[in-house]
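Accompanying notes for the structure given below.
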Amino acid sequence: MKIGLRQPPLVREMGFEAFCAWVKEAGFDHVDLGRADAEQAKILADNGLEVGSVDLPNPKNALLNEDESALAEALEVWRRELPAAAEIGAKAMFTVLLPPDQAQPRSKSADIAARTLPQLAERLEANGLSLAIEGWPGGGPQYPALGCTPETLRRIFADTPSAAIGICFDPSHLVRLGVCYKRFLAEFGCRVRHAHGKDTVFNREERYLCGNLDSSFGGMYVCGDRAWRYTIPGEGIVDWQYVADRLADAKYEGRISVELEDHHFWQTPELQQEGLRRSLALLKKVAGRV
């Protein structure tokens, strides 16, 4: 498995070219891109780095939009952009399955996805690409995203069995939601098309106060709520050696990208670099690459 990263805020301060030079020096293998940008891909290659995932181009919420004209517009965009992503070496197109209206019930979104995802799958297959569905549930109180729990993933894969439709395995979201990430890997390991290196930790006192609900009076963390926060790998509750071993058992030979959303490694570029270095060291160790 190759270890890279999803771009953190510091890339805006450093500039993409200087950031890539730092990424290579730190020992990473790839960088995820927000779009199929040939110029950025060349900068990566010039620095000995590869393209990680590429975000599925907008309008992404067309996949859960009952307006068929929205899907027609999106299909035209993807007709141009998917070949461009394949051309720069991408394998996985990253997305969160969110509806255009956050109040739209997940049951209705699933009915719409049964019609739209097969059409996207055809275009992905034609370009040798896969969709990596992120497990972020979306914003509260509705949490409208599809694909963040086994319930909706089972429906998605039943309706669209194409191997081009897969997941971005990110245990931090599963832990936050109370889903057993170990059982999840056993069920969906064969569907992993990309992975994120990110963890979650709980504040026991705040969890007693809030339970599984969002805090009534505001959060404490940049990336989290009062009862929980995201962390770098190794500083939460995920057993990363278990994750690495089970991904290997599932024959996953793709990429793990550190997604830096740790409150304690967020405030300055120097802290972000430290958080990324620590994440890389942990992931290299569990992957047997030290």
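Brief remarks on what is shown
- Count - residues of region 183-205 that are under 13 Å from Leu153 (Cα atoms), in a helix (DSSP H, G or I) and of a type in the set (A, V, I, L, M): 1
- Filter result for Arg6 (touching a residue at least 24 places away in the same chain (Cβ under 8 Å), within 21 Å of Leu82 (Cα to Cα) and crowded, with 17+ Cβ neighbours inside 10 Å): yes
- Among the conditions (1) of a type in the set (A, V, I, L, M, F, W, C); (2) in contact with a helix residue (DSSP H, G or I) (Cβ under 8 Å, 6 or more places away or on another chain); (3) within 30 Å of Leu283 (Cα to Cα), Leu120 misses just one, which is (3).
- Residue match in region 176-186 (condition: charged (D, E, K, R) and closer than 21 Å to Ala70 by Cβ): no
- Members of region 25-38 that are surrounded by fewer than 20 Cβ atoms within 10 Å (Cβ to Cβ) and either touching a Phe, Trp or Tyr at 6+ places or on another chain (Cβ under 9 Å) or in a loop (DSSP other than H, G, I, E, B) (or both): Gly27, Gly34, Arg35, Asp37
- Residues of region 222-245 satisfying the condition of being in a loop (DSSP other than H, G, I, E, B) and closer than 24 Å to Cys168 by Cα: Val222, Cys223, Asp225, Ile232, Pro233, Gly234, Glu235, Gly236, Ile237, Val238, Asp239
- Single residue of region 184-215 satisfying the filter (in contact (Cβ under 8 Å) with a residue 60 or more places away in the chain and in contact with a strand residue (DSSP E or B) (Cβ under 6 Å, 6 or more places away or on another chain)) that is farthest from Arg6 (Cα to Cα): Val192
- Answer from Ala103, Ala86, Ala126 - the residue that is modelled with pLDDT of 95 or more and either touching a His at 6+ places or on another chain (Cβ under 7 Å) or farther than 29 Å from Arg255 by Cβ (or both): Ala103
- Output for region 241-266, where each listed residue is buried (at least 19 other Cβ atoms within 10 Å of the Cβ), in contact with a strand residue (DSSP E or B) (Cβ under 9 Å, 6 or more places away or on another chain) and over 22 Å from Glu50 (Cβ atoms): Glu261, Asp262, Phe265
- Test: Trp136 is outside any strand (DSSP E or B), surrounded by 18 or more Cβ atoms within 10 Å (Cβ to Cβ), of a type outside the set (Gly, Ala, Ser) and touching a His at 6+ places or on another chain (Cβ under 7 Å): yes
- Condition broken by Gly234, with the remaining ones in (1) surrounded by fewer than 14 Cβ atoms within 10 Å (Cβ to Cβ); (2) within 25 Å of Phe188 (Cβ to Cβ); (3) not β-branched (Val, Ile, Thr) satisfied: (1)
- Region 82-99: number of residues that are surrounded by fewer than 20 Cβ atoms within 10 Å (Cβ to Cβ) and out of contact with any Asp or Glu (no Cβ under 8 Å at 6 or more places or on another chain): 5
- Residue in region 218-230 that is in contact (Cβ under 8 Å) with a residue 12 or more places away in the chain, in contact with a Phe, Trp or Tyr (Cβ under 9 Å, 6 or more places away or on another chain), buried (at least 22 other Cβ atoms within 10 Å of the Cβ) and among the hydroxyl-bearing types (Ser, Thr, Tyr) present: yes
- Residue-level check: of (1) surrounded by 15 or more Cβ atoms within 10 Å (Cβ to Cβ); (2) in a loop (DSSP other than H, G, I, E, B), Thr116 misses just (2).
- Some residue of region 120-136 being polar (S, T, N, Q) and under 16 Å from the mean Cα position of the chain (by Cα): yes
The values are calculated or read from the model by the stated rules, or taken from the named source; none is laboratory data. Nothing here was measured: the structure is a model prediction, and the numbers come from that model. Neighbour counts are summed over all protein chains in view; Cβ atoms, including those assigned to glycine, are modelled from backbone coordinates with ideal geometry.
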